[in-house]
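Written below as structure tokens is the structure these notes are about.
Bear in mind these aren't lab numbers, they're just calculated from the coordinates by the rules spelled out. For clarity, every value in this text was computed on a predicted model and none was experimentally measured. Cβ: placed from backbone, ideal geometry, glycine included. Neighbour counts: every protein chain shown.
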Amino acid sequence: MPAALRRRTPRGKPTAGRGLRLPLSSCAVAAVLLAVVLVPLLVPLDEQAVDLTDKLHAPSLAHPFGTDDVGRDVLLRCVYGLRVSLLVGVVAALTATVIGTAVGAAAGAVGGRTDRMVMRVVDVFSSVPHLLLGIFIVAMFRPGVWPVVISVGLTHWLSTARIVRAEVLSLRSRDFVDAAVSGGASRWRVGVRHLLPGVLPQAGLAAVLMVPHAIWHESALSFLGLGLPTHRASLGNMIQDARGTLLAGDWWPTLFPGLFLIVPTLAIASLAGVWRERISPRRRSELML
């Protein structure tokens, strides 16, 4: 198609797809939050209870998502599993963001040899795959939620450190920082009063973008048998347990946990993308984790 005939979108004016992305993502995230907060209060779950007389029932009015191979309701376990995944994702993302912000801000503010040494350490950690390093950390603890949080938090701060360092280096060249230094402000005061507030929007965005990644990381560890105990409701555990039933033709124990994993993470990532475009439209690629 000739370039003159291609549809052009005016700068700053959202297309129909972008216009629908925000309300759809907001509704999905709101529905997820309501489900993980209200369902456990209204319908308690005994995670060790089984009912072999009710196993592998297809989706019905009594069980909208069917039952698994030991008779447990798939919908209820999906909600509880998503609750655990969100807990791990949010806490791990906040932990990684705090570590990355502290390291990146310190490296960018001090500069010189310290900056080079810190970034070489970041490069060394970046050369090791996140999942491999996470497996090594989780293997030192008993299976549970907090070992997974520690694992994800300690392996996902590197991108945030790079983003914050780049922003600090950019802010150091601004006129208001030069004026503060010329006025006799100490390095600590410049960092706290001028540099840190400038990097908080990027650090917050990095934390939101990290939540979906942390959720998938937790599910991967649980799928490998290194995350939560096997009896705990976890999306990774549910998908791992349903592998045999999928081969037998029972698709619902695998499909619905997968949807509960994909849809919320896409919705959160979409909201983060809208935020990224608003706070830094010219540097979208820097904030991709």
Among Val79, Val122, Val39: highest mean-square fluctuation, GNM of the chain, C-alpha pairs under 10 Å | Val39
Centroid-to-centroid separation of region 153-214 and region 24-52 [C-alpha atoms, Å] = 37
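With r as the distance between the Cβ atoms of Leu94 and Ser60 and R0 = 45 Å, compute the FRET efficiency 1/(1 + (r/R0)^6) and round to 0.05. Intermediate values should be presented prior to the final figure.
On the way: r = 40 Å, r/R0 = 0.89.
With a Förster radius of 45 Å, E is 0.65.
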To the nearest 10 degrees, how steeply does helix 196-223 sit against the main Cα axis of the chain, on a 0 to 90 scale?
-> 30
What are the ³J(HN,Hα) values, in whole Hz, obtained from phi via the Karplus relation 6.51 cos²θ - 1.76 cosθ + 1.60 with θ = phi - 60°, for each residue of region 135-146 in sequence order, with x given for Gly and Pro?
-> 4, 4, 5, 5, 5, 7, 10, 6, x, x, 6, 5
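Using per-residue counts of other Cβ atoms within 10 Å, averaged over each peptide, order 105-116, 248-259, 148-159 from highest down. Working shown, then result.
Values: 105-116: 16.1, 248-259: 17.8, 148-159: 23.9.
Going from most to least packed, we get 148-159, 248-259, 105-116.
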Kirkwood Rh and Cα Rg combined as Rg/Rh, the chain = 1.07
What angle do you read, to the nearest 10 degrees and between 0 and 90, between the alpha-carbon axis of helix 74-110 and the longest principal axis of the chain?
-> 10
Can you tell me the 0 to 90 degree angle between the C-alpha axis of helix 158-172 and the longest principal axis of the chain, rounded to 10?
-> 20
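Give me Rg over Rh for region 49-150, both radii from the alpha carbons and Rh done the Kirkwood way, two decimal places. Provide the component values of the computation, followed by the final result.
On the way: Rg = 21.4 Å, Rh = 17.3 Å.
That ratio is 1.24, to two decimals.
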Stick to Cα atoms and the Kirkwood definition of Rh, then tell me Rg/Rh for region 82-236.
-> 1.09
Ordering 188-196, 82-90, 169-177 by per-residue average of other C-beta atoms within 10 angstrom, highest first, gives 82-90, 188-196, 169-177
Could you give the distance between the Cα centres of region 122-149 and region 222-272, to the whole Å?
-> 20
